[in-house]
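Notes follow once the structure below has been shown.
Every number in this text was worked out from the coordinates using simple rules, so none of it is lab data. Computed from a prediction, not measured in an experiment: that's the story for all the values here. Ideal geometry is used to build each Cβ from the backbone, glycine not excepted, and the neighbour counts take in all protein chains shown.
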């Protein structure tokens, strides 16, 4: 009887994945530390009012968004590489263990790492600017509403990048971004056209927006906050499920 | 150990079938050589056995598992040494520490002994080794996993002459009755005297699968000055003509794999006739 999930094996797979990316992650962190210090030194001026959004919040969002999503999109490079593929595929690790290990690493664990690393970068950046220019901004607050929103957006977009990393053999980041943008544009367009077809009497030819109030049966459902949260979480989970099925289709014969 | 029935495989829907109705049974405790011309499908067959490609038709069972399911227990019991591969930028000890523990029967002492014997530099990063040294490293790792089935795809490509004889010695040393080796190559000389059975893959099927003993008892190989009319296969050489005849006298001669491969690929009907069960009886 095959065991699709064994904790010791999963732990080993995760450990190996962490060790595999540790060096590039370390170099990336050092580069971002330099970027943080430089941007603080260039932007913080004595007597200036604190920016809104604060430099730290903006930088945190950029780091998590760009480097985090880029990192996610390269999480299956070894699977797609024609010569590294053998090593990846022949290791006695199950499909589920591999999937969970890489998802955790590029999703929640990366989020935690970037947040902790950025808090340190921000603190040291402030110390450096205080030392050189005698100016500093309020420290980065990882639990502020803005930070939590950034984290939520990352956790929502990361599965999309993760799916792209599995599906696209090369240029996963660009291809996934373009595909996602295409979906992002085409889905509302299809909904809009459908609305114009089904509620034709609520629209006029000369205007894009509805001239009458449209009230569909679905709208009241989304007035509740929990419903919106459920839809967003459900979307992320669905994307993860699709990613898992894609990985299985790549690796396992059904 | 390996049981393949009516296997069908093609790379693209419109392309020609690489295999159609391929049948094969390989028992445990064999050192089998898989021979075939370039493009005959040797590497593909090995991929199908390892679960790296999936058959479109038929059944493939390896060590009681369906390779396509890629179960971890199956992957721990099989080791594939590919023809071309890339290793991570790690030292051999680090590689073993990270990946050895995924194989339940991994024997670190044996690995150390083999690495020393094969003279693979231990301090050097694996990605900086030469292709031959990488192969020797992976061979040592594979043998240390104690996998029941070792699949070696062109293992001697990139090995120098001393390494080739080392490779042969090592395989013989590590051979155990519960373990099988399937070696695919087009360098037949490297398998001479090493294998105990031969498989020839050509024309989308296994044309011959016999033990070396059976081949030596059924075929007689001689060198003659004139090409005889009753020969099954003749090849011109510097000494004269190398000839394969049906062995009627019962005197065994040493098998020449290259000559035998020529016979099988040029006259498969003759070989089939010679090795059909009634003819043996």
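Using a 10 Å cut-off on Cβ atoms, rank the peptides B:64-73, A:85-94 from the highest mean neighbour count down.
Output ranking for B:64-73, A:85-94: A:85-94, B:64-73.
Considering just Cα atoms, how many Å³ per residue does the convex hull of the range B:202-281 enclose?
It is 98 Å³ per residue.
Rg and Dmax of the range A:40-129, Cα atoms, in Å?
Considering the range A:40-129 through its Cα atoms, Rg and Dmax are 18.7, 61 Å.
So for each of A:123-130, A:169-176, B:223-230 I average, over its residues, the number of other beta carbons within 10 Å; can you give me the resulting order with the highest mean first?
A:123-130, A:169-176, B:223-230
Three principal axis extents, largest first, for the C-alpha atoms of the range A:93-233, in Å?
Here the Cα extents, ordered largest to smallest, are 66, 49, 30 Å.
Could you work out the Rg to Rh ratio of the range B:1-159, with Rh taken as the Kirkwood radius (inverse of the mean 1/r over all Cα pairs)?
Ratio of gyration radius to Kirkwood radius: 0.99.
When you count, for each residue, the other Cβ atoms within 10 Å and take the mean per peptide, how do B:41-48, A:66-73 rank with the highest first?
Highest mean packing first, the order is B:41-48, A:66-73.
Which whole number gives the average count of other chain Cβ atoms within 10 Å of the Cβ atoms across peptide B:81-90?
Taking the mean over all residues of the peptide, I get 4.
Counting only helical runs of four or more DSSP H residues, what would the 222 nm mean residue ellipticity of chain B come to if each run contributes -39,500 (n - 2.57) and the total is spread over all its residues?
Here the helix-only value at 222 nm equals -9000 deg cm²/dmol.
At 0.36 nm per residue, minus the direct Cα-Cα distance, what do residue A:153 and residue A:208 gain on full extension? Give it in nm, one decimal, please.
Residue separation times 0.36 nm, minus the Cα-Cα distance, leaves 16.8 nm.
Principal axis lengths of the range B:138-281 from Cα atoms, whole Å, largest first?
So the extents along the principal axes, rounded to whole Å, are 51, 37, 31.
Over the range A:115-254, what is the relative contact order in whole percent, taking alpha-carbon pairs under 8 Å and six or more residues apart?
Taking the mean separation of contacting Cα pairs over the length of the range A:115-254, I get 24 percent.
Tally the DSSP beta bridges in chain B and give the antiparallel ones as a percent, rounded to 5.
60 percent
Below 8 Å between Cα atoms, with a sequence gap of 6+, how large is the relative contact order for chain A in percent?
25 percent
Quick one: work out Rg over Rh on the C-alpha atoms of chain B, Rh as Kirkwood radius.
Rg/Rh for chain B comes to 0.99.
Once the piece of chain linking residue A:253 and residue A:45 is laid out straight, how much longer is it, given 0.36 nm per residue of separation minus the C-alpha distance between them?
68.8 nm
State the volume of the convex hull built on the alpha-carbon positions of the protein assembly as shown, expressed per residue in Å³ and rounded to an integer.
So the per-residue hull volume is 239 Å³.
Just to be sure I understand: of the beta bridges DSSP finds with both ends in the protein assembly as shown, what percent are antiparallel, rounded to 5?
That works out to approximately 60 percent antiparallel.
Find how much the distance from residue B:84 to residue B:224 grows on full extension, using 0.36 nm per residue of separation minus their present alpha carbon separation; answer in nm with one decimal.
Between residue B:84 and residue B:224, full extension yields an extra 46.3 nm.
Quick one: Cα centre-to-centre distance for the range B:84-121 and the range B:144-163, in angstrom?
The distance from the Cα centre of the range B:84-121 to that of the range B:144-163 comes to 14 Å.
Using the basic label-point model (7 angstrom from Cα toward the beta carbon), what is the residue A:227 to residue B:73 distance in nanometres?
Computed distance between label sites residue A:227 and residue B:73 equals 4.9 nm.
Take the Cα atoms of the range B:64-142, find their three principal axes, and give me the spread along each one in whole Å, biggest first.
Extents along the principal axes: 37, 27, 20 Å.
Given contacts defined as C-alpha pairs under 8 Å and at least six residues apart, what's the relative contact order of the range B:1-120, whole-number percent?
22 percent
Rounded to the nearest 5, what % of the DSSP beta bridges within the range B:86-219 are antiparallel ones?
So the antiparallel bridges amount to about 60 percent of the total.
How high is the FRET efficiency between residue B:6 and residue A:77 when r is their beta carbon distance and R₀ equals 25 Å, given to the nearest 0.05?
Computed FRET efficiency for residue B:6 and residue A:77: 0.10.
How large is log10 of I(q)/I(0) for the range A:198-254 at q = 0.16, 0.18, 0.22, 0.24 Å⁻¹ when the intensity is taken from the Debye formula with one equal scatterer per alpha-carbon?
-0.73, -0.77, -0.86, -0.92
Based on the alpha-carbon gyration tensor of chain A and its eigenvalue square roots a ≥ b ≥ c, which shape applies: rounded if a/c is under 1.5, prolate if not and a/b is larger than b/c, or oblate?
It is oblate, given that a/c is not under 1.5 and a/b is not larger than b/c.
Using the beta-carbon distance between residue B:107 and residue B:28 and R0 = 22 Å, what value does 1/(1 + (r/R0)^6) give for FRET efficiency, to the nearest 0.05?
0.70
Cα axis of helix B:131-145 to longest principal axis of chain B: angle in degrees, 0 to 90, nearest 10?
The answer is roughly 80 degrees.
Along Cα→Cβ, 7 Å out, is where each label goes; now give me the distance between the ones at residue A:66 and residue B:258 in nm to one decimal.
6.1 nm
Using 1/(1 + (r/R0)^6) with R0 = 22 angstrom and r between the beta carbons of residue B:117 and residue A:88, what's the FRET efficiency to the nearest 0.05?
That pair, residue B:117 with residue A:88, gives E of 0.20.
Can you give the mean number of other chain Cβ atoms that lie within 10 Å of the Cβ atoms in peptide A:80-92?
Taking all residues of A:80-92 together, the mean is 6.
With a point put 7 Å past each Cα toward its Cβ, work out how far residue B:214 is from residue A:135 in nm, to one decimal.
Spacing of the two 7 Å Cα→Cβ label points: 8.8 nm.
Using a 7 Å offset from Cα along Cα-Cβ at residue A:30, what residues in the range A:69-89 end up with backbone N under 20 Å from the label point?
A:71
More than 14 Å apart: what percent of Cα pairs in the range A:127-185 qualify?
69 percent
What is the diffusion coefficient of the range B:115-192 in µm²/s, taking the Kirkwood radius over Cα pairs and the Stokes-Einstein relation at 25 °C with a viscosity of 0.890 mPa s?
Approximately 189 µm²/s, per Stokes-Einstein.
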